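The structure appears right after this line, and notes come after that.
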Amino acid sequence: MTEGDSQPRGEQIKSVATAFRILEAVRKRDRVGVTELADALDLPKSTVHHYLSTLAADNYLIREDGTYRLGLGLFTLGAQARTQERIYHVAKPNVDRLADATGEQARLVVERDGRGITLYQAAGDNVDDPPTYAGTVEDLHCTAAGKAFLAELPEDQLDALLADNPLPRRTANTITDPGELRESLAEIRERGVAFDDEERDEGVRCVASAISDRSGELLGAISVSGPADRLTDERFRSEIPSRLRNVVGVVEFNTTYSEWSDAL
């Protein structure tokens, strides 16, 4: 999994950690009041109010009608962070082309700290209201992109991940048994394509393939998703996986080419 240069837990500054806990809690709720947030985080209301006021003063939160939501100060940080990801620049035009070709939603997903994050997405002509957005955070075990990541992990890393993370059920089709998940991952490694057959959201199907560089480092995954009534078995199992493999091959080639170019 992706490793950063984060400090050990014991060396973290408590006030900074609390601020990020609050931001994450607001993100999960879209908008929230002081009392609800204090109860959810088991913090005094006065403490939560001070944090919210401070974050709002710097535009990281916005106060509306007694509740708080995320502000654009966070967007400016996230947008700049995305531009520093090489895979974003290499894959973006291909994600656009895949969305145009399939008419569905195509996404570029990266893995961070055991979760999948949508780095970029494009909507085809059939998509009116995309269910995800750039920055969406998802569990790995119940998404096509997430399972594509997991299938590429060495056994020791997969063991550690499954030991540290539960497999919560999202729908009746979600795989929640580690042994069953391992069997699914073995199949994904063989065919190079992962499927989410209404495992995260009822009525939604998704296909994904992982992207690696020439050294074998896992860079991300590209997925195509849509409602089950449009992603019929032929499209879901054959047509879209074929298009997806072609696009991932192009992205991997372009990634290698850009590495060579940078080395010149």
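The values are calculated or read from the model by the stated rules, or taken from the named source; none is laboratory data. Keep in mind that what you see is a predicted model, and the values were worked out from it rather than measured. Neighbour counts run over all protein chains shown; Cβ positions are idealised from the backbone, glycine included.
Quick notes
- Members of region 169-180 found to be surrounded by 13 or more Cβ atoms within 10 Å (Cβ to Cβ) and in a helix (DSSP H, G or I), listed by number: PRO178
- Consider region 97-136 and keep the residues that are assigned to a loop (DSSP other than H, G, I, E, B) and β-branched (Val, Ile, Thr). The one that is farthest from the chain's Cα centre (by Cα) is VAL127.
- The strands (runs of 3 or more DSSP E) found wholly in region 186-264 and carrying at least 2 residues that are in contact (Cβ under 8 Å) with a residue 24 or more places away in the chain and small (Gly, Ala, Ser) occupy 204-212, 218-227.
- Residue list for region 45-62, restricted to those being touching a Gly at 6+ places or on another chain (Cβ under 9 Å) and exposed (fewer than 15 other Cβ atoms within 10 Å of the Cβ): ASP58, ASN59
Rundown of residues vs (1) modelled with pLDDT of 95 or more; (2) touching a strand residue (DSSP E or B) at 6+ places or on another chain (Cβ under 6 Å), yes/no style:
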site	(1), (2)
LYS92	yes, yes
THR102	yes, yes
GLU111	no, no
GLY114	no, no
ASP159	no, no
ALA163	no, no
THR174	yes, no
ARG191	no, no
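- Subset of region 137-168 [part of a loop (DSSP other than H, G, I, E, B), surrounded by 13 or more Cβ atoms within 10 Å (Cβ to Cβ) and not aliphatic (A, V, I, L, M)]: ASP139, HIS141, CYS142, THR143, GLU152, ASN165
- In region 115-130, the residue that is surrounded by the fewest Cβ atoms within 10 Å (Cβ to Cβ) out of those that are under 13 Å from TYR88 (Cα atoms) and of a type in the set (S, T, N, Q) is THR118.
Yes/no matrix, rows are residues, columns are (1) crowded, with 17+ Cβ neighbours inside 10 Å; (2) modelled with pLDDT under 95:
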position: ALA186; (1), (2): no, no
position: ALA194; (1), (2): yes, no
position: GLU202; (1), (2): no, no
position: ARG205; (1), (2): yes, no
position: GLU217; (1), (2): no, yes
position: ILE222; (1), (2): yes, no
position: LEU231; (1), (2): yes, no
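- Residue satisfying condition, being touching a residue at least 12 places away in the same chain (Cβ under 8 Å), of a type in the set (Asp, Glu) and either in the same structural domain as ILE188 (by TED's automatic domain parsing) or in contact with a strand residue (DSSP E or B) (Cβ under 7 Å, 6 or more places away or on another chain) (or both), within set ASP139, ASP129: ASP139
- Screening ARG112 with (1) free of Cβ contacts under 8 Å to residues at least 24 places away in the same chain; (2) surrounded by fewer than 17 Cβ atoms within 10 Å (Cβ to Cβ) gives one miss only, at (1).
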